[in-house]
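Asks: Starting off with a structure, shown below.
Nothing in this text is a laboratory measurement; each read-out follows from the coordinates by a stated rule. As the structure is a prediction and not an experimental result, all values here were calculated from the model. Neighbour counts run over all protein chains shown; Cβ positions are idealised from the backbone, glycine included.
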Amino acid sequence: MLQRQVINHRQVAWLVGGVLMTGGMIGLYQSIIQVAKVDAWLFQIIPIMYAILIAYVLLELGHAFPGKNLFEILFLVCGKWVGGFINLILLLYIWMILVIDVKGLSYFVKASLLPQTPLEVILLVFILLMMSYRTLEVTARVNEIFFPANVISSLLMLCLLINEYDVQRLDPILSTSLKGIFFGNYMTMGMFGDVLLFGAFLPMFIQPRLFFTAIKHGVMIVGFATGLIMLGLLLVMGHSIASRLSYPVLALVQQIHVTDFLDRVDIFLLSIWFPSFAIKVIVAFLALLTGIGSFAGGTQHKPFIPSLGLFLIITALLSFPQVEDVERFVGYSYTSVVLFIQVPLLLFLWIRGRIERRRAGNLKSDLPHGTRYNQFYRTMEWTSNLSILGCLLTALIGKWCFEQYMFLSQYVIIIVVVLLVIALVTSYLQMQTVNRYLHKTGRKKIGTYT
């Protein structure tokens, strides 16, 4: 019997935040700082745009193929053999995400909490935990507890480190070449590209617009929070030290000393971070199960869980013999693989989605024109999008003026942070506007996923 799952817009936004926010804390920050140096705090601007583009493609698919997930859509538009081949590539991509995260998290736990425990035992326990989650609904409810705690603890961590900040460690601001800043953004696009995992759960929302705004808000939460974390990392340690650390965020937490009896704040934060790390792996695991189930005609995927878990244990043990291997792959190769798979696929799906919607005459807006909901939504949408674009333009203009007017670069950080706050708030108002309209009109916003 197929199981009904229920998930609301807030849970989607926080799931997106949980999946993306933990993706860069193991292995990625170090590589970004090595490339972008003092301007590594600009690493998330282009990836935010890329993630929103993925969400927009998922919005088109939700309109064009209601009730279908990404794997079913590919079977539908490409046929049994071609669609099966593309789906197989997607399954290998999700498997790659799982292996990287499981092995990287095992190294992280061994280095931070259990140095005497064999890596194989940590990995086995973690995969058994992952296999115990059978539905996204349960995962979303658990994430509702830990994701806010993760964000709040990260912001609190930055407040407790105020006495360690040294603005001179950022000088000279915008001194990194445009090539270095661009590659810092490029390296992060793979992490933000994990938004595509939510294509496996498209049928859970009958209203695609609410799904889109929830994903966008989750992306903005991550963009704002990770930007502040990176800024705090540079202010406390500087780029030369942070670029040599395997786990710079963990080292940052270890600099906090509240009192003599509370000098191990990292233990408290790790108790919050570990479940957040697990959420991403569980979402990827459920997406992989959904893809495998699509080959069996959408039947129950629970019978595949034991064999798939064993396969992940074996492949994770055989891959990445050293933690440096994970860091190098995530930092310098992962994004290239992701873009090679995603960009042609997203372009193809967007074109097919538009063709299908035009054929069905389904190009109307979700919010009727002329209503106050539509007007307010469009205002917030334009404000949010222009704020994100403003971050990019501010960085480019600041870099262009760096040689002639070096003092102006000091204001770039303030402007970028303010614009990110505006984009974050307006993305939330977008989501809430769609939600209130659906409540007022009595239209269902929750669907079923099997």
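Asks: Got the relative contact order for segment 10-367 handy, in percent, Cα pairs under 8 Å and 6 or more residues apart?
Replies: Numbers: 451 pairs, mean separation 147.0, N = 358.
Worked out over segment 10-367, it gives 41 percent.
Asks: Now, a different point. Specify the residue with the greatest mean-square fluctuation among Q30, Q375, Q116, computed from a Gaussian network of the chain linking alpha-carbon atoms under 10 Å apart.
Replies: Of Q30, Q375, Q116, the Gaussian network model singles out Q116 as fluctuating most.
Asks: Consider the candidate values [x] 52, 27, 22; [y] 37, 26, 20; [z] 34, 28, 20; state which one is semi-axes √(5λ) of the Cα gyration tensor in Å computed from the structure displayed.
Replies: Read-out taken from this structure: [z].
Asks: Can I ask one more? Considering amide H positions built from the backbone, and no H for Pro or chain starts, which residues 5 or more places from T176, or on another chain, come under 5 Å of its amide H?
Replies: D39
Asks: Which order results if S243, S427, S132 are arranged by neighbouring Cβ count within 10 Å, fewest first?
Replies: Working: S243 19, S427 30, S132 11.
By the 10 Å Cβ count, ascending, the order reads S132, S243, S427.
Asks: With 10 angstrom as the radius, rank F340, F285 by how many other C-beta atoms surround their C-beta, starting from the fewest.
Replies: Details: F340 12, F285 25.
Taking fewest neighbouring Cβ atoms as first place, the list is F340, F285.
Asks: Also: Take the alpha carbon atoms of segment 182-208, find their center, do the same for segment 304-326, and report the distance between the two centers in whole angstrom.
Replies: Distance between centres, Cα-based: 23 Å.
Asks: When the helices in the chain are scored as -39500 (n - 2.57) per DSSP H run of 4 or longer and the sum is shared across all residues, what 222 nm value do you end up with, to the nearest 500 deg cm²/dmol? Could the numbers behind the result be given before it?
Replies: Details: 15 runs with 323 residues, N = 450.
Per the formula, -25000 deg cm²/dmol.
Asks: What are the ³J(HN,Hα) couplings of segment 374-388, residue after residue, when phi is run through the Karplus curve with 6.51, -1.76, 1.60 and θ = phi - 60°? Round to Hz, x for glycine and proline.
Replies: In residue order, the calculated couplings are 5, 5, 5, 4, 5, 4, 5, 5, 5, 4, 5, 5, 5, 5, 5 Hz.
Asks: How big is the dipole moment of segment 112-247 about its Cα centre under a simple scheme where the beta carbon of each Lys and Arg is +1, that of each Asp and Glu is -1, and everything else is neutral? Debye, nearest 20, please.
Replies: Working: 7 positive and 7 negative charges, 61 e Å.
Dipole magnitude for segment 112-247 comes out near 300 debye.
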